[in-house]
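Since every read-out is calculated from the coordinates, none of them should be taken as a lab result. This is a predicted model, so every value here is computed, not measured. Cβ sites come from the backbone with ideal geometry, for glycine too, and all protein chains shown count toward neighbours.
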Amino acid sequence: MNETTLAAAERIRAFADAVRAQLADLPAEEVDDLVEGLVGDLTDQAADHDGAIELGDPAAYAEELRSAAGLPERGPVVGTKTPWH
């Protein structure tokens with residue numbers, strides 16, 4: 001792997017982790033179903049473009065996944081505290 005490929009792989013992994021974080025209000029199994037293949041697909045796209053890939057906003061991507069699956073908008077994440085607590 002060259003440096004460009006390694007950098008793309010790191011960016012893709014970080015993007016996928018951020019997408020998962022945006023889906024944290026859903027059951028883990030549902031999140032797995034939604035993001036299954038995401039890293040592989042993005043890695044293939046990056047390879048097709050010599051490591052160059054525009055990933056966009058992970059929150060927007062997560063909302064697109066929700067919408068495509070017919071799920072509601074993001075709700076509160078269980079186990080997190082509100083700023084006033």
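Of Thr43, Pro27, Tyr61, which is farthest towards the positive pole of the chain's charge dipole, taken about the Cα centre with +1 and -1 on the beta-carbons of Lys, Arg and Asp, Glu respectively?
Pro27
Taking a quarter of the surface of the convex hull around the Cα atoms of the stretch 3-68, what do you get in nm²?
4.2
Can you tell me the order of 8-21, 54-67 when each peptide is scored by its average per-residue count of other Cβ atoms within 10 angstrom, highest first?
Per-residue Cβ counts within 10 Å, averaged per peptide and sorted highest first, yield 8-21, 54-67.
Please give the residues of the stretch 47-77, grouped as numeric ranges, whose backbone N is less than 18 Å from a label point set 7 Å along the Cα-to-Cβ vector of Ala28.
77
Could you give the angle, 0 to 90 degrees to the nearest 10, between helix 38-48's Cα long axis and the longest principal axis of the Cα atoms of the chain?
The two axes meet at around 30 degrees.
So for the chain, averaging the separation of alpha carbon pairs under 8 Å that are six or more residues apart and normalising by length, what relative contact order in percent results?
39
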